[in-house]
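Dropping the structure in here first, questions after.
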Amino acid sequence: MDQARFERLLDDVAAQLTEDMRTQPKSEWFSAALSYEQHVRERLYEAINALGADGAGHEVDLHPSGQTFPDVPCGEFGVEVKFTKSDTWVSIANSVRESQRAESVRIVYLMFGKMGGMPESRWMKYEDCVVHVRTSHEPRFQVDLSGDKESLFNVMGIDYDSFRKLDIMDKMPYIRAYARQKHPDGHLWWLEDSETHEEHSTEIDPVLYTSLDDETKTRYRAEATLLCPKALQGSRVAGKYNDALLFLLTYHGVICHQIRDLFTAGSVAKVQFSDHSGIPQMQKALVLLQDEMMKVAYELDPALFEEYWGEVVPEDDRIAWWLAKADEYASGWVPSDVLFIGYQKRKGLK
């Protein structure tokens, strides 16, 4: 099977996935990114098997062991899979290192499932839909399948295949040059060369946290709190807010001068607590924030949890994972005694 034939097959698979998403809206397969990935795998398996001898050498493993890039190798072709419940064609993609690359794959495609708005699946050649690179803990590509943005590799002046084969230290000069091109005023000081190579970039011009509307502030607080449970450490622990601070800056382009305020009830209180209640300020803040934290536990890109937590955690287990870490880090109180009680009972944790 040549490249043109495989791309026609992707057209058929994307059309079938779109039909599935619109006609089976209550099915479990699209309720999480991993379920969608498996559905893509099954549709590709069926389409390639239907080719008979023409599909030889491009077989799909329905039960792969371990994680690879791309998610679904098909001989010399491969399909990376992304999924969102939102109405957007933008998502975080894989690390620029591609350390788990399936070396048999010569050409990579991206199949993207969008459940928000009018559900749809569409594909693009991977190098054509990578439009940005952002870093916090780990440099990651950002993809956009709207077709409205220029490829990152065109902007950087190097083709994808050449870039992917470079060592990470040889990739960073391209990333720095790209970021400085986007921000010629030179304010992105964290992109300067350094011996530690801890470079960071943000897609948009930074804005002040205090300038955000209340709804956005609450959303960002919930995201930062969930991803960065170390912020619950005792008041004397230096640097406990660093992860949250860098998350807001590198992922949302938000500068928060008083990061501590994100974890105190004064910044979130629509419910008034008595000054004599004896409840610690952080505990008050989290009681008020737990509904939004539950929401973002299901909505944030899985790549962020893997990046900040260091492991893949299923959607419905993320609050339990966070509670375990929160109990470990918190000083003077036990978060699991007061937070997410209904969730804990449902999961059999209480």
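The values are calculated or read from the model by the stated rules, or taken from the named source; none is laboratory data. Every value quoted in this text rests on a predicted model; they were computed, and no experiment measured them. Every residue, glycine as well, gets a Cβ built from its backbone with ideal geometry; the counts of neighbours run over all protein chains shown.
With assigned by TED's automatic domain parsing to the domain that holds Val108, touching a residue at least 60 places away in the same chain (Cβ under 8 Å), over 30 Å from Tyr251 (Cβ atoms) and assigned to a helix (DSSP H, G or I) as the only criterion, which of Arg8, Arg22 stands out?
None of the other options fit; the residue is Arg22.
When Ser35 is evaluated against the numbered criteria (1) part of a helix (DSSP H, G or I); (2) on the phi > 0 side of the Ramachandran plot; (3) not hydrophobic (A, V, I, L, M, F, W, C), which criterion, by number, is the only one it fails?
(2)
Please list, ordered by first then second residue, the pairs with beta carbon atoms under 8 Å, 6 or more apart or interchain, first in region 322-342 and assigned by TED's automatic domain parsing to the domain that holds Ala285 and under 14 Å from Ala231 (Cα atoms), second among the β-branched types (Val, Ile, Thr) and modelled with pLDDT under 95.
Close Cβ pairs (under 8 Å, with a partner that is among the β-branched types (Val, Ile, Thr) and modelled with pLDDT under 95) amount to Asp327/Val334.
Right, something else. Does region 48-63 contain at least one residue that is within 28 Å of Leu300 (Cβ to Cβ) and surrounded by fewer than 19 Cβ atoms within 10 Å (Cβ to Cβ)?
Checking region 48-63: at least one residue is within 28 Å of Leu300 (Cβ to Cβ) and surrounded by fewer than 19 Cβ atoms within 10 Å (Cβ to Cβ).
Tell me the residue from Ala303, Ala320 that is surrounded by 14 or more Cβ atoms within 10 Å (Cβ to Cβ), at pLDDT 95 or above and closer than 26 Å to Phe30 by Cβ, please.
The match here is Ala320.
Any residue in region 30-45 that is of a type outside the set (Lys, Arg) and farther than 28 Å from Phe305 by Cα?
Within region 30-45, one or more residues are of a type outside the set (Lys, Arg) and farther than 28 Å from Phe305 by Cα.
So which of Arg164, Arg101, Arg122 is closer than 21 Å to Gln3 by Cβ and crowded, with 19+ Cβ neighbours inside 10 Å?
Residue meeting the stated conditions: Arg122.
Within region 108-119, count every residue that is surrounded by fewer than 22 Cβ atoms within 10 Å (Cβ to Cβ) and touching an Asp or Glu at 6+ places or on another chain (Cβ under 7 Å).
Result for region 108-119: 2.
Against the definition (aromatic (Phe, Trp, Tyr) and at pLDDT 95 or above), how does Phe69 come out, yes or no?
In short, no.
Please go through region 286-311 and pick out each residue that is in a helix (DSSP H, G or I), among the hydrophobic types (A, V, I, L, M, F, W, C) and touching a residue at least 24 places away in the same chain (Cβ under 8 Å).
Result: Leu286, Val287, Leu289, Met293, Met294, Val296, Ala297, Ala303, Leu304, Phe305, Trp309.
Glu19 passes all but one of (1) out of contact with any helix residue (DSSP H, G or I) (no Cβ under 6 Å at 6 or more places or on another chain); (2) at pLDDT below 90; which number fails?
(2)
Shifting gears a bit: Has region 284-293 got at least one residue that is of a type in the set (Gly, Ala, Ser) and either at pLDDT 85 or above or more than 23 Å from the chain's Cα centre (by Cα) (or both)?
Yes, there is a match, as at least one residue in region 284-293 is of a type in the set (Gly, Ala, Ser) and either at pLDDT 85 or above or more than 23 Å from the chain's Cα centre (by Cα) (or both).
What number of residues in region 131-173 are of a type in the set (S, T, N, Q) and more than 24 Å from Gly113 (Cβ to Cβ)?
Total meeting the criteria: 4.
Considering only region 65-76, state which residues are in a loop (DSSP other than H, G, I, E, B) and surrounded by 14 or more Cβ atoms within 10 Å (Cβ to Cβ).
Matches in region 65-76: Thr68, Pro70, Asp71, Gly75, Glu76.
Can you pull out every residue in region 144-161 that is surrounded by fewer than 13 Cβ atoms within 10 Å (Cβ to Cβ) and assigned to a helix (DSSP H, G or I)?
Asp161, the sole residue that qualifies.
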